[in-house]
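Written below as structure tokens is the structure these notes are about.
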Amino acid sequence: MPFFKYRKKMLCYFNFSKKHKKYYISFYHGDRIDHPELLQEGRKKFKILLIDPTEDLSLELILSLIDEVKKVY
């Protein structure tokens, strides 16, 4: 599965959730950040942000989550 990387380390990837029937962005080391819109659901190192296809993506939210994940590297 292709990842977006930061300093040669995994940062995030896109995928589809069969459970939620939505696409999501999964953040590596998401377990180290606390944000109300992120779901862990039994994952050890990842948390996901579900994407509603009927709404615009919040660029500010995504960039802030990426910045938080980059801080734990």
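The values are calculated or read from the model by the stated rules, or taken from the named source; none is laboratory data. A quick note: this is a predicted structure, and the numbers were derived from the prediction, not measured. Please note: Cβ atoms are built from the backbone with ideal geometry, for glycine as well, and neighbour counts cover all protein chains shown. Note: areas computed on protein heavy atoms with side chains; ligands, DNA, RNA excluded. Shrake-Rupley method; radii C 1.70, N 1.55, O 1.52, S 1.80 Å.
Only one entry in Glu37, Glu41 is acidic (Asp, Glu) and farther than 22 Å from Tyr73 by Cα, namely Glu41.
A count restricted to the range 1-30 and to residues that are open to solvent by 60 Å² or more (accessible area, probe 1.4 Å) and not hydrophobic (A, V, I, L, M, F, W, C) stands at 10. Within the range 1-49, the set of residues being in a loop (DSSP other than H, G, I, E, B) and in contact (Cβ under 8 Å) with a residue 60 or more places away in the chain comprises just one member, Arg7. Of the residues making up the range 50-63, those that are without any contact (Cβ under 8 Å) to a residue 12 or more places away in the chain and assigned to a loop (DSSP other than H, G, I, E, B) are Thr54, Glu55, Asp56, Leu57, Ser58. Residues in the range 50-73 that are over 24 Å from His20 (Cα atoms) and within 13 Å of the chain's Cα centre (by Cα) were compared, and the one that is surrounded by the fewest Cβ atoms within 10 Å (Cβ to Cβ) is Asp67.
Counting the residues of the range 1-46 that are among the polar types (S, T, N, Q) and closer than 21 Å to Asp67 by Cβ gives 2. Got a sec? Which of Ile62, Ile48, Ile25 is among the aliphatic types (A, V, I, L, M) and touching a Cys at 6+ places or on another chain (Cβ under 6 Å)? Just one listed residue meets the conditions, Ile25. Taken over the range 19-38, the residue count meeting the criterion of being within 25 Å of Arg7 (Cα to Cα) and not aromatic (Phe, Trp, Tyr) is 10.
When Gly30, Gly42 are checked against the criterion of being over 11 Å from the mean Cα position of the chain (by Cα) and not β-branched (Val, Ile, Thr), Gly42 stands alone in meeting it.
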